[in-house]
Amino acid sequence: MSKETVLSNDAFLVSETNSKGHIIFANDEFCKVAEYEESELIGKPHNIVRHQDMPKAAFKDLWTTVQSGEMWQGYVKNNTKSGGYYWVLATVYPYKNHDNEQCYMSIRRKPSLEDIAKVTELYKTMH
């Protein structure tokens, strides 16, 4: 069984991706929790941390929402580099950078244990 990393109550994981979902920024806390150096993440698809338990439908909903210009919020289970995992409550929103290119900002916080339990059961029905 893989090891769970539980975020601290004040955890604030931030990343930004370009229009293709490739990471262009990762804050120190995201790197620490995911167990990657920033240089290992920059330029990589954000799904480098995607956990196999995550239903494809959740990410389809995320991309459909943000590509339509709306903010998306949901629960995400991610992999760590060493094979563990961590849960986040993610908020993703679209924005245009200084070159007027489409980008996406993701801010992630610690979800409640109750919410994780509910979402875990829901996601089992979505595969």
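The values are calculated or read from the model by the stated rules, or taken from the named source; none is laboratory data. Everything quoted here is computed from the prediction, not taken from an experiment. Every residue, glycine as well, gets a Cβ built from its backbone with ideal geometry; the counts of neighbours run over all protein chains shown.
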The number of residues in the stretch 10-27 that are surrounded by 14 or more Cβ atoms within 10 Å (Cβ to Cβ) and among the charged types (D, E, K, R) is 1
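With respect to Glu40, determine if the residue is in contact with a Ser or Thr (Cβ under 7 Å, 6 or more places away or on another chain) and surrounded by 14 or more Cβ atoms within 10 Å (Cβ to Cβ). Please lay out each step first, then the result.
Details: in contact with a Ser or Thr (Cβ under 7 Å, 6 or more places away or on another chain): no; surrounded by 14 or more Cβ atoms within 10 Å (Cβ to Cβ): yes.
Here the answer is no, as Glu40 does not meet what is asked.
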Within the stretch 63-121, the residues that are in a strand (DSSP E or B), out of contact with any Ser or Thr (no Cβ under 7 Å at 6 or more places or on another chain) and of a type in the set (A, V, I, L, M) are Val76, Val88, Leu89, Met105
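Taking Ala90 as the residue in question, decide whether it is among the hydrophobic types (A, V, I, L, M, F, W, C), in contact with a Lys or Arg (Cβ under 6 Å, 6 or more places away or on another chain) and surrounded by fewer than 18 Cβ atoms within 10 Å (Cβ to Cβ). Spell out how you get there, then give the answer.
Details: among the hydrophobic types (A, V, I, L, M, F, W, C): yes; in contact with a Lys or Arg (Cβ under 6 Å, 6 or more places away or on another chain): yes; surrounded by fewer than 18 Cβ atoms within 10 Å (Cβ to Cβ): no.
Criteria not met by Ala90.
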request  = Go through the residues of the stretch 14-26 one by one and say whether even a single one is part of a strand (DSSP E or B), under 19 Å from Pro111 (Cα atoms) and modelled with pLDDT of 95 or more.
outcome  = yes
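Yes/no per residue for (1) out of contact with any strand residue (DSSP E or B) (no Cβ under 9 Å at 6 or more places or on another chain); (2) crowded, with 17+ Cβ neighbours inside 10 Å:
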position: Asp61; (1), (2): no, no
position: Val66; (1), (2): no, yes
position: Lys81; (1), (2): yes, no
position: Gln102; (1), (2): no, no
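Could you list all residues from the stretch 65-97 that are within 21 Å of Asn9 (Cβ to Cβ) and aliphatic (A, V, I, L, M)? Even if it seems obvious, please write down each step before you answer.
Step one: of the stretch 65-97, the residues within 21 Å of Asn9 (Cβ to Cβ) are 73-78, 80, 84-91.
Result: Val76, Val88, Leu89, Ala90.
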Among the residues of the stretch 29-62, the number that are outside any helix (DSSP H, G or I), of a type in the set (A, V, I, L, M) and over 13 Å from the mean Cα position of the chain (by Cα) is 1
Output for Cβ contacts, cut-off 9 Å, separation at least six or different chains, first residue farther than 17 Å from Cys31 by Cα in the stretch 1-21, second aliphatic (A, V, I, L, M), reads Asn18/Ile24
Within the stretch 87-103, of all residues that are in contact (Cβ under 8 Å) with a residue 60 or more places away in the chain and over 18 Å from Glu29 (Cβ atoms), the one farthest from the chain's Cα centre (by Cα) is Glu101
